[in-house]
Amino acid sequence: MRIKLDGTLVEFSPENGSEVEDLSALWDIVVDCVKSNRKLVPVGEFIPANPDKSRVARFNIEDN
């Protein structure tokens, strides 16, 4: 998965079929064209340079 930052815009580009399916499932959960959309809220810490810390970025899905 490639991630591109352009100001406040974040772009996710899946690089294989599994990532396409995962991103599509996430999109369906977060985006609701009828009611309100949900938001991703960071949880914990993400410090990839420190092997003693988490190298996984975690987010909770919350209603607005």
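Bridgeable aspartates and glutamates around LYS53 (alpha carbons under 13 Å apart, same-chain partners fewer than 8 residues away excluded): GLU45. Counting only alpha carbon atoms, the long axis of helix 17-30 and the longest principal axis of the chain meet at about 60°. Between amide H atoms placed 1.01 Å from N, distances below 5 Å from PHE59 occur with VAL43, all of them 5 or more places distant or on a separate chain.
In the full protein context, the chain carries 87 Å² of accessible surface per residue, based on a 1.4 Å probe and ignoring ligands, DNA and RNA. Phi-derived couplings, Karplus 6.51 cos²θ - 1.76 cosθ + 1.60 at θ = phi - 60°, listed residue by residue for the stretch 44-54: x, 9, 10, 10, x, 7, 10, x, 7, 9, 5 Hz, with x used for Gly and Pro.
Just flag the trypsin sites (Lys or Arg not before Pro) in the chain sitting in loop per DSSP whose Cβ has no more than 12 other Cβ atoms within 10 Å. Intermediate values should be presented prior to the final figure.
Working: sites: ARG2, LYS4, LYS35, ARG38, LYS39, LYS53, ARG55, ARG58; in loops: LYS35, LYS53, ARG55.
Answer by residue number: LYS35, LYS53, ARG55.
For the chain, give the percent of accessible area contributed by carbon and sulfur heavy atoms, probe 1.4 Å, rounded to a whole number.
54
Among the GluC sites (Glu not before Pro) in the chain, those placed in a DSSP loop whose Cβ has at most 13 other Cβ atoms within 10 Å are GLU15, GLU45. Within the same chain, aspartates and glutamates fewer than 8 places from LYS35 are excluded, and of the rest, those with a Cα less than 17 Å from its Cα are GLU62, ASP63.
The values are calculated or read from the model by the stated rules, or taken from the named source; none is laboratory data. Because the structure is a prediction, the values reported are computed rather than measured. Because the Cβ atoms are built from the backbone with ideal geometry, glycine has one as well, and the counts that use them run over all protein chains shown. Ligands, DNA and RNA are stripped out before the accessible areas are found, and what is left, the full protein with its side chains, is counted by its heavy atoms. Shrake-Rupley method; radii C 1.70, N 1.55, O 1.52, S 1.80 Å.
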